[in-house]
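Participant: Quick one: structure below, then a few questions.
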Amino acid sequence: MIAVFIVGYLMIALEHNIHIDKAPTALIAGMVCWALYSFVLYGTKDHDAAHHILLHGAAGSGGLMHHMFDIANILFFLLGAMTIVETIDEHQGFTIITDKIKTTNKVKLLWIIALLSFIFSALLDNLTTAIVMISLLRKLVGDKKTRWFFAGMVIIAANAGGAWSVIGDVTTTMLWIGGQLPSSVIIAIPNLIIPSFVALLVPLVILTITMKGETERPNAGRIEAHKFDTTRKERIILLTLGIAGLLFVPIFKTITHLPPFTGMMLSLGIVWAVTEVMHRKKEHDHKYHLSVISVLKKVDTSSVLFFLGILLAVAALQEVGHLNVMAEFLTETLQNNYAINIAIGFLSSIVDNVPLVAAAQGMYEIAPQGSTGELADFVSDGSFWEFLALCAGTGGSCLIIGSAAGVAVMGLEKIDFVWYMKKISLLAIVGYISGAATYILLFS
């Protein structure tokens, strides 16, 4: 299974060299990993027991059904967010914002985009923010490689912004719900705001010194030629309703305790219904092209399938115990809580940060309040859990497939894995180390 994952990972990284899209590679790797796991189970146990373990897991484990629920939650969330954003875009709603951004100076524009991403990520989540900001960038930057550079900084900013908010990243939500970080102020983890911002600030400062020149806006006529006209009122309504729908998702989750995708689907349903009513009196072709039914055909489903494959592959490695073995190895080898979390951050850029955090939650128990010595780091809201949230959130930026935001941007912009590694990874690593060092200096 490890060999299959490594080969699949290398093929994803080299997709432009081997001319095979990353989605089929990820699907093959994910399904083969689970097939190998099933062969082991059926070869060593009676069929009924093997079938139960495969689907539902042994005592204390998840099984395929459990992992599929978690993965489906992410995929439906992603599909809903992409559809809402695409509907806003189809109604030219983002022009309300982009028309306000007049600068073409690369440095100024980079700061505006990065700071917006950082703030939006904490209020929405890093995945939704990445999707929204890519839609904005397509209106602001015409040259593909320049836009890729900005998109790379969106990934760094979105992951940094998500790390200090309990709804900004799946891992911080897990730690919040699991009781490791229960005392957050509203949605913020106060001790992580400054280190998270430093993780973004350092790459921004470096680029401020090295980046020069102006950006070229896309040809507006060429871009909007395929669109059916919308009024300014319709654009404002869709932009406001769409953003409000995305902001509503964490509120709905907090009130109902239902999975996040349910709130996203509710928001999508409302947006869909409003567009149907809004265009009900228009000519059929006009109405059809502005409807969610038409928009669904434009959503990048290959990215969703890529996500499915890669998450299933990681889930198989988790189910068979490889990730727990890796976590135990880190503990025995490093024997330092800060070093363990920094290593987990780097590993989260290779495999998904969700199972890594889940493994850490399973390995380390929450210590009773008032504990002293090494156990003091493991109490609720203790430094181990805070630093884990920071590292798992920001470390995923080091590689483009290391975070949900990165995977979404990779799919939307077709960014090459090797290009990101050459142009963005070093900036992300410097920012990650700087943010981690800031936390250690402030709270050790």
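The values are calculated or read from the model by the stated rules, or taken from the named source; none is laboratory data. Every value quoted in this text rests on a predicted model; they were computed, and no experiment measured them. Using ideal geometry, Cβ is built from the backbone for each residue, glycine included, and neighbour counts are taken over all protein chains shown.
Participant: Test of understanding: among 139, 145, 102, which residue is part of a loop (DSSP other than H, G, I, E, B) and either among the charged types (D, E, K, R) or modelled with pLDDT under 85 (or both)?
Facilitator: Only one candidate passes the filter, namely 102.
Participant: Among the numbered criteria (1) without any contact (Cβ under 8 Å) to a residue 12 or more places away in the chain; (2) at negative phi, which single criterion is violated by residue 321?
Facilitator: Among (1) without any contact (Cβ under 8 Å) to a residue 12 or more places away in the chain; (2) at negative phi, the lone unmet condition for residue 321 is (2).
Participant: Continuing with the same structure: For the range 202-237, how many residues are at pLDDT 95 or above and touching a Ser or Thr at 6+ places or on another chain (Cβ under 8 Å)?
Facilitator: Residues that pass the stated criteria total 1.
Participant: Just a yes or no: is a residue in the range 426-434 surrounded by 23 or more Cβ atoms within 10 Å (Cβ to Cβ), in contact with a Cys (Cβ under 9 Å, 6 or more places away or on another chain), at pLDDT 90 or above and within 23 Å of residue 195 (Cβ to Cβ)?
Facilitator: Looking for residues that are surrounded by 23 or more Cβ atoms within 10 Å (Cβ to Cβ), in contact with a Cys (Cβ under 9 Å, 6 or more places away or on another chain), at pLDDT 90 or above and within 23 Å of residue 195 (Cβ to Cβ), one finds at least one in the range 426-434, hence yes.
Participant: Of (1) modelled with pLDDT under 90; (2) under 30 Å from residue 153 (Cβ atoms); (3) buried (at least 19 other Cβ atoms within 10 Å of the Cβ), residue 87 satisfies all except one. Which?
Facilitator: All conditions pass for residue 87, except number (1).
Participant: Something else: Mind telling me which of the residues 353, 341, 324 ends up being more than 18 Å from residue 7 (Cα to Cα) and modelled with pLDDT of 85 or more?
Facilitator: Working: 353 fails: modelled with pLDDT of 85 or more; 324 fails: modelled with pLDDT of 85 or more.
Testing whether each residue is more than 18 Å from residue 7 (Cα to Cα) and modelled with pLDDT of 85 or more leaves just 341.
Participant: While we're on this one: Looking at (1) surrounded by fewer than 23 Cβ atoms within 10 Å (Cβ to Cβ); (2) among the polar types (S, T, N, Q); (3) outside any helix (DSSP H, G or I), find the lone condition where residue 349 falls short.
Facilitator: (1)
Participant: OK, next. Answer yes if at least one residue in the range 53-74 is among the aromatic types (Phe, Trp, Tyr) and modelled with pLDDT under 85, and no otherwise.
Facilitator: no
Participant: Take residue 42 and decide whether it is of a type in the set (Phe, Trp, Tyr), part of a helix (DSSP H, G or I), out of contact with any His (no Cβ under 6 Å at 6 or more places or on another chain) and free of Cβ contacts under 8 Å to residues at least 40 places away in the same chain.
Facilitator: yes
Participant: Within the range 23-46, track down each residue that is polar (S, T, N, Q) and surrounded by 19 or more Cβ atoms within 10 Å (Cβ to Cβ).
Facilitator: Residue satisfying the conditions is 25 alone.
Participant: I need every pair where a residue in the range 140-155 that is at positive phi and free of Cβ contacts under 8 Å to residues at least 12 places away in the same chain has its Cβ under 6 Å from the Cβ of a residue that is of a type in the set (A, V, I, L, M, F, W, C) and surrounded by fewer than 20 Cβ atoms within 10 Å (Cβ to Cβ), sequence separation at least 6 or different chains.
Facilitator: Nothing qualifies.
Participant: Name the single residue, out of those in the range 265-292 being at pLDDT below 90 and part of a helix (DSSP H, G or I), that is surrounded by the fewest Cβ atoms within 10 Å (Cβ to Cβ).
Facilitator: Applying the filter and picking the extreme gives 284.
Participant: Does the range 335-356 contain any residue that is on the phi < 0 side of the Ramachandran plot and over 27 Å from the mean Cα position of the chain (by Cα)? Steps first, please.
Facilitator: First, pick out the residues of the range 335-356 that are on the phi < 0 side of the Ramachandran plot: 336-356.
Imposing the further condition that a residue be over 27 Å from the mean Cα position of the chain (by Cα) reduces the set to 336.
Yes; the residues of the range 335-356 include at least one that is on the phi < 0 side of the Ramachandran plot and over 27 Å from the mean Cα position of the chain (by Cα).
Participant: Here is a follow-up. Just checking, which of 67, 16 is surrounded by fewer than 16 Cβ atoms within 10 Å (Cβ to Cβ), of a type outside the set (Val, Ile, Thr), assigned to a helix (DSSP H, G or I) and in contact (Cβ under 8 Å) with a residue 60 or more places away in the chain?
Facilitator: Only one candidate qualifies: 16.
Participant: Which residues, counting only those in the range 400-415, are closer than 14 Å to residue 170 by Cα and part of a loop (DSSP other than H, G, I, E, B)?
Facilitator: Within the range 400-415, 402, 403 meet the criteria.
Participant: Condition test on residue 107, is it touching a residue at least 40 places away in the same chain (Cβ under 8 Å), touching a Ser or Thr at 6+ places or on another chain (Cβ under 6 Å), under 20 Å from residue 215 (Cβ atoms) and part of a helix (DSSP H, G or I)?
Facilitator: Values: touching a residue at least 40 places away in the same chain (Cβ under 8 Å): yes; touching a Ser or Thr at 6+ places or on another chain (Cβ under 6 Å): yes; under 20 Å from residue 215 (Cβ atoms): yes; part of a helix (DSSP H, G or I): yes.
For residue 107, the condition - touching a residue at least 40 places away in the same chain (Cβ under 8 Å), touching a Ser or Thr at 6+ places or on another chain (Cβ under 6 Å), under 20 Å from residue 215 (Cβ atoms) and part of a helix (DSSP H, G or I) - is met.
Participant: Could you run through the range 329-343 and say how many residues are hydrophobic (A, V, I, L, M, F, W, C) and touching a residue at least 60 places away in the same chain (Cβ under 8 Å)?
Facilitator: Going through the range 329-343 one residue at a time, the tally reaches 1.
Participant: Could I ask something else about it? Looking at the range 91-98, can you tell me whether even one residue there is within 24 Å of residue 264 (Cβ to Cβ), in a helix (DSSP H, G or I) and at pLDDT 85 or above?
Facilitator: yes
Participant: Could you please find all residues in the range 368-394 being among the polar types (S, T, N, Q) and in a helix (DSSP H, G or I)?
Facilitator: Those that are among the polar types (S, T, N, Q) and in a helix (DSSP H, G or I): 383, 394.
Participant: Can you name the condition, by its number, that residue 58 falls short on among (1) hydrophobic (A, V, I, L, M, F, W, C); (2) out of contact with any helix residue (DSSP H, G or I) (no Cβ under 9 Å at 6 or more places or on another chain); (3) not in a helix (DSSP H, G or I)?
Facilitator: (2)
Participant: What about residue 311, is it in contact with an Asp or Glu (Cβ under 7 Å, 6 or more places away or on another chain), modelled with pLDDT under 85 and part of a helix (DSSP H, G or I)?
Facilitator: Yes.
Participant: Name the residue that is surrounded by the fewest Cβ atoms within 10 Å (Cβ to Cβ), counting only residues in the range 365-405 that are of a type in the set (S, T, N, Q) and in contact with a strand residue (DSSP E or B) (Cβ under 9 Å, 6 or more places away or on another chain). Please lay out each step first, then the result.
Facilitator: Filtering the range 365-405 for residues of a type in the set (S, T, N, Q) gives 369, 371-372, 380, 383, 394, 397, 403.
From the residues that got through so far, the ones that are in contact with a strand residue (DSSP E or B) (Cβ under 9 Å, 6 or more places away or on another chain) too are 369, 371, 380.
Working: 369: 10, 371: 14, 380: 16.
Across the range 365-405, the extreme among qualifying residues is 369.
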